[in-house]
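Undergrad: The structure that follows is given in the form of structure tokens.
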Amino acid sequence: MNYKMLSRRKALKHITVGCIAIGMPKVLFSQNDQIMKRAIPSTGEKIGVVGLGTWQTFDVGNSSSAQEPLKEVLKALVDGGGNVIDSSPMYGSSEKVVGDLSTELGLEKELFCATKVWTSGKQSGIDQMNASMRKMKANPMDLMQIHNLQDWKTHIKTLYDWKDRGLIRYIGITHYVDSAHDDLERIIKSENIDFVQVNYSINDRKAEKSLLPSAKDKGVAVLTNRPYSGGSLFRKLRGQHLPEWASEFDCKSWGQFFLKYLLSNEAVTCVIPGTSKEKHMIDNMGAGLGRLPDKGHLKRMIELIS
């Protein structure tokens with residue numbers, strides 16, 4: 001069967017059915033088949049290039065039936081060599097679900113936990129961050145980010161202090177709209193920031209113009225959110241076959257096509273698509289395997305999407 005000619009959904013269905021039929025394990029990664037890692041510029045520590053976002057997908061409360069498939073998602077992330085998981089107090093119960101499930105699975109030491117402060121005022125920020133650390137069972141927190149730059153001038157002082165005291169390991173800032181890119185860039189140029197998280201996809205490429213080059217120049221790691229443009233990329237290409245030339249950079253699905261485009265940019269440290277399905281987590285991890293698109297491929301990819 002030629003998987004290059006299948007949609008993401010159909011390809012995953014055939015892979016899953018085939019594995020069940022011959023008794024293969026569901027997780028398709030061996031110790032010798034792990035995703036690539038990239039260094040955090042400020043320290044040299046390496047993290048997996050494909051991570052996991054938790055907006056909506058992990059906001060399931062205490063429902064055991066809803067939590068069960070999320071355990072498989074976390075296992076697939078770690079089995080494939082990934083470790084970054086990103087959350088926020090804005091995401092409902094997601095932080096607590098991440099903390100509870102990772103502890104239950106014994107994966108808490110395997111994960112690089114990132115969350116955010118999303119409030120105004122110094123004490124409110126401190127209280128919220130302490131609550132996030134308790135919920136995610138992460139002490140120290142690997143990465144604390146200022147969510148959408150809310151009251152960032154207040155929170156940055158607290159984050160500097162917490163980093164000095166060893167309560168957090170890295171400091172970050174985030175946003176999800178193009179209009180915030182100039183502000184993000186000004187901050188990474190003027191402050192001692194370890195990470196910037198920004199919206200970036202093959203059909204939303206504004207970050208390429210100045211923000212990503214500045215992050216690379218300043219030695220700031222980059223997390224990318226909205227890599228599928230809120231799912232619109234899949235809807236746009238529904239019914240279309242993956243091009244044959246995608247095999248030249250070891251791409252087997254549209255999801256990998258979109259993620260490999262982002263990872264071809266050396267400024268990008270890790271992409272963090274969200275999912276609540278194990279099969280999609282496995283597919284996403286495939287973007288961190290094998291070759292990446294070259295300049296010629298990138299041009300063709302943009303032309304195809306346009």
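The values are calculated or read from the model by the stated rules, or taken from the named source; none is laboratory data. Because the structure is a prediction, the values reported are computed rather than measured. Don't worry about glycine lacking a Cβ; one is built from the backbone with ideal geometry, like all the others, and counts go over all protein chains shown.
Undergrad: Take L184 and tell me if it is within 30 Å of S124 (Cα to Cα), in contact with a Cys (Cβ under 6 Å, 6 or more places away or on another chain) and in contact (Cβ under 8 Å) with a residue 12 or more places away in the chain.
TA: no
Undergrad: Then there's this: Which numbered condition trips up I15, out of (1) assigned to a loop (DSSP other than H, G, I, E, B); (2) crowded, with 16+ Cβ neighbours inside 10 Å; (3) among the hydrophobic types (A, V, I, L, M, F, W, C); (4) modelled with pLDDT under 95?
TA: Result: I15 passes all but (1).
Undergrad: Please identify the pairs in which a residue from segment 42-70 that is within 23 Å of V220 (Cα to Cα) has its Cβ atom under 8 Å from the Cβ atom of a residue that is basic (K, R), counting only partners at least 6 apart or on another chain.
TA: K46/K37; K46/R38; I47/K37; I47/R38; G48/K37; V49/K37; V49/R38
Undergrad: Follow-up question, since we're still on this one. Just to confirm my filter: which helices (runs of 4 or more DSSP H) fall fully inside segment 211-306 and include at least 3 residues that are touching a residue at least 60 places away in the same chain (Cβ under 8 Å)?
TA: Because the criterion is at least 3 residues that are touching a residue at least 60 places away in the same chain (Cβ under 8 Å), the helices (runs of 4 or more DSSP H) in segment 211-306 that meet it are 232-236, 254-263, 278-285, 295-305.
Undergrad: Could you say whether any residue in segment 93-106 is touching a Gly at 6+ places or on another chain (Cβ under 8 Å) and surrounded by fewer than 24 Cβ atoms within 10 Å (Cβ to Cβ)?
TA: The answer is yes, given that some residue of segment 93-106 is touching a Gly at 6+ places or on another chain (Cβ under 8 Å) and surrounded by fewer than 24 Cβ atoms within 10 Å (Cβ to Cβ).
Undergrad: Among the listed residues A131, A76, A66, identify the single one that is among the small types (G, A, S) and crowded, with 24+ Cβ neighbours inside 10 Å.
TA: When all the criteria are applied, what remains is A76.
Undergrad: Can you pull out every residue in segment 104-139 that is under 25 Å from V73 (Cα atoms) and polar (S, T, N, Q)?
TA: Those that are under 25 Å from V73 (Cα atoms) and polar (S, T, N, Q): T115, S132, N139.
Undergrad: Another one. Please enumerate the residues belonging to segment 239-266 that are surrounded by 21 or more Cβ atoms within 10 Å (Cβ to Cβ) and of a type outside the set (F, W, Y).
TA: Within segment 239-266, L242, A246, C251, K252, S253, G255, Q256, L259, K260, L262, L263 meet the criteria.
Undergrad: Sticking with this structure for a sec: Output the residues belonging to segment 50-79 that are touching a strand residue (DSSP E or B) at 6+ places or on another chain (Cβ under 7 Å), in a loop (DSSP other than H, G, I, E, B) and among the aliphatic types (A, V, I, L, M).
TA: If the condition is that a residue be touching a strand residue (DSSP E or B) at 6+ places or on another chain (Cβ under 7 Å), in a loop (DSSP other than H, G, I, E, B) and among the aliphatic types (A, V, I, L, M), then no residue fits.
Undergrad: Which of (1) modelled with pLDDT of 95 or more; (2) within 22 Å of I272 (Cβ to Cβ) does R235 not meet, given it meets every other one?
TA: It is condition (1) that R235 fails.
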